[in-house]
1. Sort out which residues of the stretch 49-65 are more than 10 Å from the ligand (Cβ to nearest atom), of a type outside the set (A, V, I, L, M) and either surrounded by 22 or more Cβ atoms within 10 Å (Cβ to Cβ) or in the same structural domain as I332 (by TED's automatic domain parsing) (or both), and write them in order of number.
2. For residues that are part of a loop (DSSP other than H, G, I, E, B) and either in contact with a strand residue (DSSP E or B) (Cβ under 7 Å, 6 or more places away or on another chain) or open to solvent by less than 90 Å² (accessible area, probe 1.4 Å) (or both), tally how many sit in the stretch 381-403.
3. I need the full set of residues from the stretch 113-137 which are open to solvent by 10 Å² or more (accessible area, probe 1.4 Å) and in a helix (DSSP H, G or I), in order please.
4. State which residue pairs qualify: first residue open to solvent by 60 Å² or more (accessible area, probe 1.4 Å) and inside the stretch 404-425, second residue part of a helix (DSSP H, G or I) and among the hydroxyl-bearing types (S, T, Y) in any location, beta carbons under 7 Å apart, and separation of 6 or more residues or different chains.
5. Identify the residue in the stretch 233-255 that is open to solvent by 10 Å² or more (accessible area, probe 1.4 Å), part of a helix (DSSP H, G or I) and in contact (Cβ under 8 Å) with a residue 40 or more places away in the chain and, among all such residues, is farthest from G69 (Cα to Cα).
6. If you go through the stretch 78-85 one residue at a time, do you hit one that is open to solvent by 10 Å² or more (accessible area, probe 1.4 Å), outside the structural domain of L385 (by TED's automatic domain parsing), under 21 Å from H147 (Cα atoms) and within 9 Å of the ligand (Cβ to nearest atom)?
7. Show the residue pairs meeting these rules: Cβ distance below 6 Å; 6+ apart or different chains; first residue within the stretch 127-140 and outside the structural domain of L306 (by TED's automatic domain parsing); second residue of a type in the set (V, I, T).
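The values are calculated or read from the model by the stated rules, or taken from the named source; none is laboratory data. Computed from a predicted model, the values in this text were never measured in an experiment. For neighbour counting, all protein chains shown are included, and Cβ atoms are generated from backbone atoms with ideal geometry for every residue, glycine included. Note: areas computed on protein heavy atoms with side chains; ligands, DNA, RNA excluded. Shrake-Rupley method; radii C 1.70, N 1.55, O 1.52, S 1.80 Å.
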Amino acid sequence: MSIDAEKGEAQPKVDIEALAQKKPEETTFAELGVSPQLCEACEKMNFKHPTDIQKESIPWAIEGRDIIGLAQTGSGKTAAFAIPIIQRLWDNPQAFFACVLAPTRELAYQISETFESLGSLIGVRCAVIVGGMDMMSQSIALSKRPHIIVCTPGRLQDHLENTKGFSLKNLKYLVLDEADRLLDMDFGPKIDQILKVIPRERNTFLFSATMTTKVAKLQRASLRKPVKVEVATKYSTVKTLLQYYLFFPLKHKDCYMVYLMNEFAGNSTIIFTRTCHDTQKIAIMLRNLGFAAVPLHGQMPQAKRLGALNKFKAGSRNILVATDVASRGIDIPTVDVVINYDVPQSSKDYIHRVGRTARAGRSGKSVTFVTQYDVELIQRIEKDLERKLDLFPLEKDEVMMLQERVDEAQRIATLEMKEQEHSKKSKRGRKNDDDDDDDVDKEEQGLTLTKKKFKGGNKKRR
Ligand code: AMP
(Lines give C-alpha, C1' and ligand atoms only; values in the text may rest on other atoms or scores of the structure.)
Protein backbone atom coordinates (compact mmCIF):
# COMPACT_ATOMS: atom_id res chain seq x y z
CA MET A 1 0.00 0.00 0.00
CA SER A 2 1.39 3.40 -0.85
CA ILE A 3 0.08 6.93 -1.29
CA ASP A 4 1.87 9.59 -3.20
CA ALA A 5 0.30 13.06 -3.00
CA GLU A 6 1.88 16.44 -3.66
CA LYS A 7 1.81 18.83 -0.74
CA GLY A 8 0.16 22.25 -1.04
CA GLU A 9 -2.92 20.88 -2.80
CA ALA A 10 -6.38 20.20 -1.32
CA GLN A 11 -6.07 17.84 1.65
CA PRO A 12 -8.84 15.56 2.91
CA LYS A 13 -10.96 16.91 5.76
CA VAL A 14 -10.66 13.61 7.58
CA ASP A 15 -7.54 12.81 9.56
CA ILE A 16 -5.49 10.82 7.03
CA GLU A 17 -2.76 9.96 9.51
CA ALA A 18 -5.20 8.56 12.06
CA LEU A 19 -6.93 6.62 9.26
CA ALA A 20 -3.62 5.17 8.11
CA GLN A 21 -3.16 3.53 11.53
CA LYS A 22 -6.44 1.67 11.16
CA LYS A 23 -7.05 -1.55 9.27
CA PRO A 24 -9.87 -1.42 6.68
CA GLU A 25 -11.97 -3.77 8.84
CA GLU A 26 -11.79 -1.24 11.70
CA THR A 27 -12.81 1.66 9.46
CA THR A 28 -16.28 2.88 8.47
CA PHE A 29 -17.34 4.72 5.32
CA ALA A 30 -18.45 7.67 7.46
CA GLU A 31 -14.87 8.05 8.73
CA LEU A 32 -13.74 8.52 5.11
CA GLY A 33 -16.06 11.52 4.79
CA VAL A 34 -18.81 9.61 2.97
CA SER A 35 -22.27 11.22 3.36
CA PRO A 36 -24.99 9.52 5.46
CA GLN A 37 -27.12 8.71 2.35
CA LEU A 38 -24.20 6.96 0.70
CA CYS A 39 -23.24 5.18 3.93
CA GLU A 40 -26.78 3.83 3.97
CA ALA A 41 -26.48 2.73 0.33
CA CYS A 42 -23.20 0.93 1.16
CA GLU A 43 -24.90 -0.83 4.04
CA LYS A 44 -27.71 -1.93 1.73
CA MET A 45 -25.12 -3.41 -0.61
CA ASN A 46 -23.60 -5.19 2.38
CA PHE A 47 -20.38 -3.15 2.21
CA LYS A 48 -19.64 -3.13 5.92
CA HIS A 49 -16.16 -1.62 5.76
CA PRO A 50 -14.22 0.02 2.94
CA THR A 51 -11.72 -2.11 1.04
CA ASP A 52 -8.05 -1.01 0.90
CA ILE A 53 -8.39 0.97 -2.31
CA GLN A 54 -11.60 2.62 -1.06
CA LYS A 55 -10.05 3.53 2.29
CA GLU A 56 -7.04 5.12 0.67
CA SER A 57 -8.61 6.92 -2.28
CA ILE A 58 -12.11 8.06 -1.21
CA PRO A 59 -11.03 10.83 1.24
CA TRP A 60 -8.86 12.44 -1.47
CA ALA A 61 -11.41 11.98 -4.23
CA ILE A 62 -14.18 13.55 -2.13
CA GLU A 63 -11.90 16.54 -1.66
CA GLY A 64 -11.72 16.98 -5.42
CA ARG A 65 -8.30 15.54 -6.20
CA ASP A 66 -7.46 13.54 -9.32
CA ILE A 67 -6.66 9.91 -8.56
CA ILE A 68 -4.47 7.25 -10.09
CA GLY A 69 -5.55 4.01 -8.48
CA LEU A 70 -3.44 0.92 -8.98
CA ALA A 71 -5.46 -1.94 -7.62
CA GLN A 72 -5.90 -5.55 -8.47
CA THR A 73 -9.07 -6.73 -10.05
CA GLY A 74 -11.83 -7.51 -7.52
CA SER A 75 -10.47 -5.03 -4.99
CA GLY A 76 -13.59 -2.83 -4.95
CA LYS A 77 -12.31 -0.17 -7.31
CA THR A 78 -15.69 0.51 -8.96
CA ALA A 79 -17.14 1.75 -5.69
CA ALA A 80 -13.85 3.58 -4.99
CA PHE A 81 -14.63 5.93 -7.88
CA ALA A 82 -18.44 5.72 -7.83
CA ILE A 83 -18.87 6.81 -4.18
CA PRO A 84 -17.02 10.17 -4.46
CA ILE A 85 -18.66 10.92 -7.82
CA ILE A 86 -22.17 10.32 -6.47
CA GLN A 87 -21.37 12.35 -3.38
CA ARG A 88 -20.26 15.34 -5.47
CA LEU A 89 -23.25 14.88 -7.77
CA TRP A 90 -25.52 15.07 -4.73
CA ASP A 91 -23.99 18.45 -3.83
CA ASN A 92 -24.33 19.74 -7.35
CA PRO A 93 -26.82 17.77 -9.46
CA GLN A 94 -26.52 18.17 -13.25
CA ALA A 95 -26.83 16.16 -16.45
CA PHE A 96 -23.68 14.52 -17.88
CA PHE A 97 -21.87 14.98 -14.61
CA ALA A 98 -19.53 12.02 -15.13
CA CYS A 99 -18.36 9.82 -17.96
CA VAL A 100 -16.80 6.43 -17.24
CA LEU A 101 -14.87 4.72 -20.04
CA ALA A 102 -14.35 0.96 -19.96
CA PRO A 103 -12.68 -1.38 -22.46
CA THR A 104 -15.47 -3.97 -22.67
CA ARG A 105 -19.20 -3.69 -23.02
CA GLU A 106 -19.89 -6.17 -20.23
CA LEU A 107 -17.72 -4.19 -17.83
CA ALA A 108 -19.60 -1.01 -18.78
CA TYR A 109 -22.94 -2.60 -17.83
CA GLN A 110 -21.48 -3.80 -14.56
CA ILE A 111 -20.12 -0.36 -13.65
CA SER A 112 -23.49 1.19 -14.42
CA GLU A 113 -25.18 -1.33 -12.08
CA THR A 114 -22.85 -0.26 -9.25
CA PHE A 115 -23.68 3.42 -9.87
CA GLU A 116 -27.39 2.64 -9.90
CA SER A 117 -27.25 0.60 -6.68
CA LEU A 118 -25.13 3.14 -4.81
CA GLY A 119 -27.11 6.06 -6.21
CA SER A 120 -30.58 4.58 -5.77
CA LEU A 121 -31.37 6.66 -2.66
CA ILE A 122 -30.69 9.91 -4.49
CA GLY A 123 -32.13 8.84 -7.85
CA VAL A 124 -28.94 8.73 -9.91
CA ARG A 125 -29.72 8.26 -13.60
CA CYS A 126 -27.26 6.28 -15.67
CA ALA A 127 -26.98 5.37 -19.37
CA VAL A 128 -24.77 2.70 -20.93
CA ILE A 129 -23.37 3.66 -24.33
CA VAL A 130 -21.57 0.69 -25.90
CA GLY A 131 -21.01 -0.79 -29.33
CA GLY A 132 -23.18 -3.61 -30.65
CA MET A 133 -26.39 -1.99 -29.37
CA ASP A 134 -28.91 0.17 -31.20
CA MET A 135 -27.64 3.75 -31.79
CA MET A 136 -31.14 5.21 -31.88
CA SER A 137 -32.23 3.95 -28.46
CA GLN A 138 -28.91 5.19 -27.09
CA SER A 139 -29.60 8.64 -28.60
CA ILE A 140 -32.99 8.62 -26.87
CA ALA A 141 -31.32 7.63 -23.58
CA LEU A 142 -28.86 10.52 -24.03
CA SER A 143 -31.68 12.97 -24.79
CA LYS A 144 -33.06 12.17 -21.31
CA ARG A 145 -29.89 13.78 -19.95
CA PRO A 146 -28.58 11.14 -17.50
CA HIS A 147 -26.21 12.10 -14.70
CA ILE A 148 -23.68 9.41 -15.48
CA ILE A 149 -22.76 7.75 -18.76
CA VAL A 150 -20.72 4.56 -18.92
CA CYS A 151 -19.24 4.00 -22.35
CA THR A 152 -16.87 2.09 -24.54
CA PRO A 153 -14.72 4.70 -26.33
CA GLY A 154 -15.67 4.00 -29.96
CA ARG A 155 -19.40 4.30 -29.43
CA LEU A 156 -19.04 7.42 -27.29
CA GLN A 157 -16.98 9.05 -30.02
CA ASP A 158 -19.64 8.06 -32.54
CA HIS A 159 -22.38 9.79 -30.50
CA LEU A 160 -20.21 12.83 -29.87
CA GLU A 161 -19.83 13.21 -33.63
CA ASN A 162 -23.32 12.23 -34.79
CA THR A 163 -25.94 12.67 -32.11
CA LYS A 164 -27.54 16.09 -32.29
CA GLY A 165 -27.62 18.07 -29.07
CA PHE A 166 -25.28 15.71 -27.23
CA SER A 167 -22.09 17.09 -25.79
CA LEU A 168 -19.92 16.67 -22.76
CA LYS A 169 -19.01 20.32 -22.43
CA ASN A 170 -20.20 20.46 -18.81
CA LEU A 171 -18.57 17.21 -17.76
CA LYS A 172 -17.13 17.26 -14.23
CA TYR A 173 -15.62 13.77 -13.95
CA LEU A 174 -13.87 11.49 -16.38
CA VAL A 175 -13.00 7.95 -15.27
CA LEU A 176 -10.79 5.58 -17.22
CA ASP A 177 -11.35 2.11 -15.81
CA GLU A 178 -8.85 -0.61 -16.74
CA ALA A 179 -6.80 2.26 -18.17
CA ASP A 180 -3.84 0.09 -19.14
CA ARG A 181 -6.10 -1.80 -21.50
CA LEU A 182 -7.92 1.31 -22.74
CA LEU A 183 -4.62 2.76 -23.83
CA ASP A 184 -3.18 -0.55 -24.99
CA MET A 185 -5.55 -1.47 -27.74
CA ASP A 186 -6.80 0.48 -30.68
CA PHE A 187 -8.68 2.69 -28.20
CA GLY A 188 -5.77 5.14 -27.86
CA PRO A 189 -6.67 7.50 -30.75
CA LYS A 190 -10.34 7.49 -29.72
CA ILE A 191 -9.42 8.49 -26.18
CA ASP A 192 -7.33 11.35 -27.61
CA GLN A 193 -10.35 12.56 -29.62
CA ILE A 194 -12.63 12.36 -26.58
CA LEU A 195 -10.13 14.29 -24.43
CA LYS A 196 -10.26 17.11 -26.99
CA VAL A 197 -14.00 17.70 -26.57
CA ILE A 198 -14.34 17.56 -22.80
CA PRO A 199 -13.49 20.42 -20.44
CA ARG A 200 -9.94 20.65 -19.14
CA GLU A 201 -11.44 21.87 -15.86
CA ARG A 202 -12.59 18.51 -14.57
CA ASN A 203 -11.54 15.70 -12.30
CA THR A 204 -9.97 12.59 -13.72
CA PHE A 205 -9.78 9.17 -12.10
CA LEU A 206 -7.54 6.66 -13.70
CA PHE A 207 -7.82 3.08 -12.46
CA SER A 208 -5.55 0.35 -13.65
CA ALA A 209 -4.29 -3.02 -12.47
CA THR A 210 -0.85 -2.19 -13.85
CA MET A 211 1.08 0.99 -14.46
CA THR A 212 2.31 0.76 -18.03
CA THR A 213 4.32 3.46 -19.76
CA LYS A 214 1.17 4.41 -21.68
CA VAL A 215 -0.74 4.96 -18.45
CA ALA A 216 2.16 7.09 -17.18
CA LYS A 217 2.03 9.13 -20.37
CA LEU A 218 -1.67 9.82 -20.06
CA GLN A 219 -1.18 10.73 -16.44
CA ARG A 220 1.25 13.46 -17.51
CA ALA A 221 -1.00 14.63 -20.30
CA SER A 222 -4.29 15.12 -18.59
CA LEU A 223 -4.26 14.70 -14.84
CA ARG A 224 -3.73 17.57 -12.45
CA LYS A 225 -1.52 16.84 -9.47
CA PRO A 226 -3.02 13.39 -9.01
CA VAL A 227 -2.85 11.39 -5.81
CA LYS A 228 -1.41 8.00 -6.59
CA VAL A 229 -2.82 5.14 -4.55
CA GLU A 230 -1.34 1.72 -4.99
CA VAL A 231 -2.68 -1.39 -3.33
CA ALA A 232 -1.30 -4.09 -5.58
CA THR A 233 2.08 -5.24 -6.64
CA LYS A 234 2.42 -5.84 -10.33
CA TYR A 235 1.64 -9.55 -10.42
CA SER A 236 -0.16 -10.31 -7.21
CA THR A 237 -3.03 -12.74 -6.79
CA VAL A 238 -5.18 -13.09 -3.69
CA LYS A 239 -4.26 -15.58 -0.95
CA THR A 240 -7.60 -17.37 -1.10
CA LEU A 241 -6.94 -18.54 -4.68
CA LEU A 242 -5.49 -22.06 -5.09
CA GLN A 243 -3.56 -22.16 -8.35
CA TYR A 244 -2.96 -25.50 -10.07
CA TYR A 245 -1.64 -26.76 -13.39
CA LEU A 246 -2.00 -30.00 -15.34
CA PHE A 247 0.60 -31.22 -17.80
CA PHE A 248 -0.42 -33.60 -20.63
CA PRO A 249 -0.04 -34.07 -24.41
CA LEU A 250 -2.13 -31.65 -26.51
CA LYS A 251 -4.27 -34.48 -27.97
CA HIS A 252 -5.74 -35.25 -24.53
CA LYS A 253 -6.84 -31.69 -23.75
CA ASP A 254 -10.59 -32.18 -24.14
CA CYS A 255 -10.47 -35.39 -22.16
CA TYR A 256 -8.86 -33.60 -19.21
CA MET A 257 -11.34 -30.78 -19.52
CA VAL A 258 -14.34 -33.12 -19.39
CA TYR A 259 -12.79 -34.98 -16.46
CA LEU A 260 -12.43 -31.72 -14.54
CA MET A 261 -15.98 -30.66 -15.36
CA ASN A 262 -17.14 -33.94 -13.75
CA GLU A 263 -14.88 -33.31 -10.77
CA PHE A 264 -16.17 -29.77 -10.37
CA ALA A 265 -19.82 -30.65 -11.07
CA GLY A 266 -22.10 -28.18 -9.30
CA ASN A 267 -19.42 -25.48 -9.18
CA SER A 268 -19.66 -22.30 -11.15
CA THR A 269 -16.79 -22.48 -13.66
CA ILE A 270 -15.27 -20.29 -16.37
CA ILE A 271 -13.20 -22.01 -19.07
CA PHE A 272 -10.92 -19.56 -20.88
CA THR A 273 -9.84 -20.32 -24.44
CA ARG A 274 -7.73 -18.47 -26.98
CA THR A 275 -10.12 -18.34 -29.96
CA CYS A 276 -13.81 -17.67 -30.62
CA HIS A 277 -13.97 -20.91 -32.62
CA ASP A 278 -12.70 -23.03 -29.73
CA THR A 279 -15.06 -21.29 -27.34
CA GLN A 280 -18.07 -22.14 -29.48
CA LYS A 281 -16.94 -25.70 -30.12
CA ILE A 282 -16.16 -26.50 -26.49
CA ALA A 283 -19.52 -25.12 -25.37
CA ILE A 284 -21.31 -27.35 -27.89
CA MET A 285 -19.22 -30.34 -26.91
CA LEU A 286 -19.92 -29.90 -23.22
CA ARG A 287 -23.62 -29.45 -23.88
CA ASN A 288 -23.61 -32.66 -25.86
CA LEU A 289 -22.16 -34.37 -22.82
CA GLY A 290 -24.95 -32.99 -20.63
CA PHE A 291 -23.16 -30.01 -19.06
CA ALA A 292 -24.92 -26.64 -18.77
CA ALA A 293 -22.33 -24.68 -20.75
CA VAL A 294 -22.77 -21.37 -22.54
CA PRO A 295 -20.28 -19.58 -24.85
CA LEU A 296 -19.15 -15.94 -24.65
CA HIS A 297 -16.89 -14.44 -27.30
CA GLY A 298 -16.37 -11.34 -29.38
CA GLN A 299 -17.96 -12.72 -32.54
CA MET A 300 -21.35 -13.08 -30.86
CA PRO A 301 -23.81 -10.19 -31.23
CA GLN A 302 -23.92 -8.01 -28.13
CA ALA A 303 -27.41 -9.11 -27.07
CA LYS A 304 -26.29 -12.74 -27.12
CA ARG A 305 -23.15 -11.88 -25.14
CA LEU A 306 -25.24 -10.21 -22.46
CA GLY A 307 -27.77 -13.06 -22.52
CA ALA A 308 -25.01 -15.63 -22.01
CA LEU A 309 -23.47 -13.64 -19.17
CA ASN A 310 -26.83 -13.18 -17.47
CA LYS A 311 -27.58 -16.89 -17.63
CA PHE A 312 -24.24 -17.65 -16.07
CA LYS A 313 -24.70 -14.95 -13.43
CA ALA A 314 -28.21 -16.16 -12.60
CA GLY A 315 -26.92 -19.73 -12.29
CA SER A 316 -29.13 -21.29 -14.96
CA ARG A 317 -25.86 -22.26 -16.74
CA ASN A 318 -22.94 -23.07 -14.49
CA ILE A 319 -20.16 -23.27 -17.10
CA LEU A 320 -19.12 -20.21 -19.09
CA VAL A 321 -16.74 -20.91 -21.96
CA ALA A 322 -15.12 -17.61 -22.89
CA THR A 323 -12.32 -15.81 -24.66
CA ASP A 324 -10.50 -12.98 -22.90
CA VAL A 325 -13.61 -10.85 -23.53
CA ALA A 326 -14.64 -12.08 -20.06
CA SER A 327 -11.24 -11.85 -18.40
CA ARG A 328 -11.22 -8.19 -17.36
CA GLY A 329 -13.26 -6.58 -14.67
CA ILE A 330 -16.30 -8.84 -14.94
CA ASP A 331 -17.52 -9.40 -11.43
CA ILE A 332 -19.46 -12.57 -10.75
CA PRO A 333 -18.88 -13.16 -7.05
CA THR A 334 -19.90 -16.82 -7.17
CA VAL A 335 -17.30 -18.13 -9.64
CA ASP A 336 -15.62 -21.12 -7.94
CA VAL A 337 -13.24 -22.34 -10.61
CA VAL A 338 -11.29 -20.88 -13.54
CA ILE A 339 -9.85 -23.27 -16.13
CA ASN A 340 -7.20 -21.98 -18.52
CA TYR A 341 -7.90 -24.33 -21.41
CA ASP A 342 -5.12 -22.46 -23.23
CA VAL A 343 -2.22 -20.92 -21.33
CA PRO A 344 -2.73 -17.13 -21.42
CA GLN A 345 -0.32 -15.23 -23.65
CA SER A 346 0.99 -13.01 -20.87
CA SER A 347 1.25 -12.91 -17.09
CA LYS A 348 -1.10 -9.94 -17.08
CA ASP A 349 -3.77 -11.96 -18.89
CA TYR A 350 -3.21 -14.81 -16.43
CA ILE A 351 -3.82 -12.48 -13.46
CA HIS A 352 -6.98 -11.11 -15.00
CA ARG A 353 -8.36 -14.55 -15.87
CA VAL A 354 -7.75 -16.19 -12.51
CA GLY A 355 -8.99 -12.99 -10.86
CA ARG A 356 -12.52 -13.98 -11.94
CA THR A 357 -12.59 -16.33 -8.93
CA ALA A 358 -11.68 -15.87 -5.26
CA ARG A 359 -13.18 -12.39 -5.30
CA ALA A 360 -13.96 -10.18 -2.28
CA GLY A 361 -12.40 -12.56 0.26
CA ARG A 362 -13.96 -15.78 -1.09
CA SER A 363 -11.94 -18.88 -1.98
CA GLY A 364 -11.47 -20.22 -5.48
CA LYS A 365 -9.41 -22.56 -7.66
CA SER A 366 -7.70 -22.16 -10.99
CA VAL A 367 -6.31 -24.93 -13.18
CA THR A 368 -4.05 -24.11 -16.13
CA PHE A 369 -3.65 -26.71 -18.89
CA VAL A 370 -0.05 -27.05 -20.02
CA THR A 371 0.87 -29.10 -23.09
CA GLN A 372 4.22 -29.84 -24.67
CA TYR A 373 3.94 -26.51 -26.53
CA ASP A 374 3.27 -24.29 -23.51
CA VAL A 375 6.17 -25.00 -21.19
CA GLU A 376 8.03 -21.78 -21.88
CA LEU A 377 4.90 -19.64 -21.51
CA ILE A 378 3.95 -21.11 -18.15
CA GLN A 379 7.49 -20.79 -16.85
CA ARG A 380 7.44 -17.11 -17.71
CA ILE A 381 4.15 -16.67 -15.87
CA GLU A 382 5.50 -18.52 -12.81
CA LYS A 383 8.55 -16.29 -12.84
CA ASP A 384 6.41 -13.13 -12.86
CA LEU A 385 4.14 -14.51 -10.14
CA GLU A 386 7.26 -15.43 -8.15
CA ARG A 387 5.74 -18.78 -7.31
CA LYS A 388 5.25 -22.26 -8.73
CA LEU A 389 1.78 -23.53 -9.53
CA ASP A 390 0.80 -26.80 -7.79
CA LEU A 391 0.10 -29.98 -9.73
CA PHE A 392 -3.64 -30.71 -9.68
CA PRO A 393 -4.04 -34.15 -8.07
CA LEU A 394 -5.77 -36.74 -10.28
CA GLU A 395 -5.44 -40.31 -11.59
CA LYS A 396 -4.45 -40.28 -15.26
CA ASP A 397 -6.14 -43.66 -15.90
CA GLU A 398 -9.47 -42.28 -14.73
CA VAL A 399 -9.13 -39.40 -17.20
CA MET A 400 -8.33 -41.70 -20.10
CA MET A 401 -11.43 -43.79 -19.46
CA LEU A 402 -13.44 -40.86 -20.84
CA GLN A 403 -11.61 -40.81 -24.17
CA GLU A 404 -14.22 -42.61 -26.25
CA ARG A 405 -17.14 -40.46 -25.12
CA VAL A 406 -15.11 -37.31 -25.58
CA ASP A 407 -14.09 -38.33 -29.12
CA GLU A 408 -17.75 -38.84 -30.00
CA ALA A 409 -18.76 -35.49 -28.49
CA GLN A 410 -15.95 -33.77 -30.41
CA ARG A 411 -17.20 -35.31 -33.65
CA ILE A 412 -20.76 -34.16 -33.02
CA ALA A 413 -19.53 -30.68 -32.10
CA THR A 414 -17.57 -30.39 -35.36
CA LEU A 415 -20.70 -31.34 -37.33
CA GLU A 416 -22.86 -28.89 -35.40
CA MET A 417 -20.35 -26.11 -35.95
CA LYS A 418 -20.58 -26.80 -39.69
CA GLU A 419 -24.38 -26.78 -39.57
CA GLN A 420 -24.39 -23.54 -37.60
CA GLU A 421 -22.02 -21.95 -40.07
CA HIS A 422 -24.23 -23.11 -42.92
CA SER A 423 -27.46 -21.82 -41.40
CA LYS A 424 -25.80 -18.52 -40.45
CA LYS A 425 -24.77 -18.03 -44.07
CA SER A 426 -28.28 -18.64 -45.36
CA LYS A 427 -29.80 -16.47 -42.60
CA ARG A 428 -27.47 -13.56 -43.35
CA GLY A 429 -29.15 -11.00 -45.50
CA ARG A 430 -32.60 -12.14 -44.39
CA LYS A 431 -32.19 -11.13 -40.79
CA ASN A 432 -30.28 -8.60 -38.81
CA ASP A 433 -27.83 -10.37 -36.52
CA ASP A 434 -28.50 -8.17 -33.52
CA ASP A 435 -31.59 -9.84 -32.05
CA ASP A 436 -32.91 -9.82 -28.55
CA ASP A 437 -31.88 -11.84 -25.58
CA ASP A 438 -33.74 -15.02 -26.25
CA ASP A 439 -31.65 -15.58 -29.33
CA VAL A 440 -29.35 -17.49 -27.03
CA ASP A 441 -32.29 -19.72 -26.16
CA LYS A 442 -33.09 -20.16 -29.82
CA GLU A 443 -29.51 -21.04 -30.51
CA GLU A 444 -29.45 -23.48 -27.65
CA GLN A 445 -32.71 -25.06 -28.80
CA GLY A 446 -31.15 -25.19 -32.22
CA LEU A 447 -28.24 -27.12 -30.80
CA THR A 448 -30.54 -29.63 -29.14
CA LEU A 449 -32.52 -30.09 -32.32
CA THR A 450 -29.37 -30.58 -34.33
CA LYS A 451 -28.26 -33.16 -31.82
CA LYS A 452 -31.50 -35.12 -32.20
CA LYS A 453 -31.33 -34.80 -35.94
CA PHE A 454 -27.79 -36.07 -35.85
CA LYS A 455 -28.73 -39.12 -33.78
CA GLY A 456 -31.57 -39.94 -36.16
CA GLY A 457 -29.28 -39.44 -39.11
CA ASN A 458 -26.80 -41.75 -37.57
CA LYS A 459 -29.36 -44.51 -37.25
CA LYS A 460 -30.40 -44.15 -40.87
CA ARG A 461 -26.84 -44.40 -42.02
CA ARG A 462 -26.29 -47.61 -40.07
P1 AMP B 1 -14.70 -4.43 -8.24
O2 AMP B 1 -13.22 -4.48 -7.93
O3 AMP B 1 -15.22 -3.06 -8.29
O4 AMP B 1 -15.06 -5.27 -9.43
O5 AMP B 1 -15.47 -5.10 -6.97
C6 AMP B 1 -15.33 -6.45 -6.63
C7 AMP B 1 -16.45 -6.93 -5.72
O8 AMP B 1 -16.30 -6.41 -4.40
C9 AMP B 1 -17.87 -6.53 -6.15
O10 AMP B 1 -18.71 -7.66 -6.02
C11 AMP B 1 -18.29 -5.48 -5.18
O12 AMP B 1 -19.69 -5.48 -4.98
C13 AMP B 1 -17.55 -5.91 -3.92
N14 AMP B 1 -17.25 -4.81 -3.01
C15 AMP B 1 -16.83 -3.57 -3.34
N16 AMP B 1 -16.63 -2.82 -2.24
C17 AMP B 1 -16.91 -3.61 -1.18
C18 AMP B 1 -16.89 -3.42 0.25
N19 AMP B 1 -16.51 -2.28 0.78
N20 AMP B 1 -17.24 -4.46 1.03
C21 AMP B 1 -17.62 -5.64 0.49
N22 AMP B 1 -17.66 -5.90 -0.84
C23 AMP B 1 -17.31 -4.89 -1.66
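1. Across the stretch 49-65, the qualifying residues are E56, S57, P59, W60, R65.
2. Within the stretch 381-403, residues that are part of a loop (DSSP other than H, G, I, E, B) and either in contact with a strand residue (DSSP E or B) (Cβ under 7 Å, 6 or more places away or on another chain) or open to solvent by less than 90 Å² (accessible area, probe 1.4 Å) (or both) number 5.
3. Hits for the stretch 113-137 are E113, T114, E116, S117, S120, L121, I122, M135, M136, S137.
4. Short answer, once both residue conditions are applied: E419/T450.
5. H252
6. Yes, the stretch 78-85 contains a residue that is open to solvent by 10 Å² or more (accessible area, probe 1.4 Å), outside the structural domain of L385 (by TED's automatic domain parsing), under 21 Å from H147 (Cα atoms) and within 9 Å of the ligand (Cβ to nearest atom).
7. A127/I149; V128/V150; I129/I149; V130/T152; G131/T152; Q138/I129; S139/T163
To keep it simple, each residue is scored yes or no on (1) at positive phi; (2) free of Cβ contacts under 8 Å to residues at least 12 places away in the same chain; (3) open to solvent by 10 Å² or more (accessible area, probe 1.4 Å).
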residue	(1), (2), (3)
C276	no, no, yes
K281	no, no, yes
F291	no, no, yes
A314	no, yes, yes
R317	no, no, yes
Q345	no, no, yes
Y350	no, no, no
